[in-house]
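What follows draws every value from the coordinates through simple rules; no lab data is involved. No experiment lies behind these values; they were computed from the predicted model shown. So basically every Cβ, Gly included, is an ideal-geometry build from the backbone, and we count neighbours across all protein chains shown.
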Amino acid sequence: MYAVVEIAGQQYRVNPSEKLYVPKLDSAVDSVVKFDKVLLLADDKAVKVGSPLVTGASVAAKVLAHVQDDKVIVFKKKKRKGYRVKRGHRQQYTQIEITSIN
């Protein structure tokens, strides 16, 4: 059984007991988060495709941790002008584990 869910504007294909990283959510660690925007729901027998959402379907997930990605360096330079700028940032993610698909 799997589902296609929209989380923070991005679509993910999820299975039960799967761990994945999503853009940072405003939820505490060890809390349960429910996602209602289910676009597709499939099991062994049938596939339900929503228009645009599958009614009555939801996905529950447990928040495991808040983590940061590796640092991305942004370096800008204009030759012969003396212009050099070095900036960087670390993208923040939330690690979740899918507990159930309802």
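Things to note:
- Qualifying residue in the range 58-67 (condition: surrounded by fewer than 11 Cβ atoms within 10 Å (Cβ to Cβ) and either among the basic types (Lys, Arg) or in contact (Cβ under 8 Å) with a residue 60 or more places away in the chain (or both)): no
- Positions within the range 32-74 being in a strand (DSSP E or B) and of a type in the set (Val, Ile, Thr), in sequence order: 32, 33, 38, 47, 49, 59, 63, 67, 72, 73, 74
- Residue 77 vs. criteria farther than 19 Å from residue 94 by Cα and assigned to a strand (DSSP E or B): yes
- Whichever residue in the range 33-53 is more than 15 Å from the chain's Cα centre (by Cα) and touching a residue at least 24 places away in the same chain (Cβ under 8 Å) and, among such residues, is surrounded by the most Cβ atoms within 10 Å (Cβ to Cβ): 41
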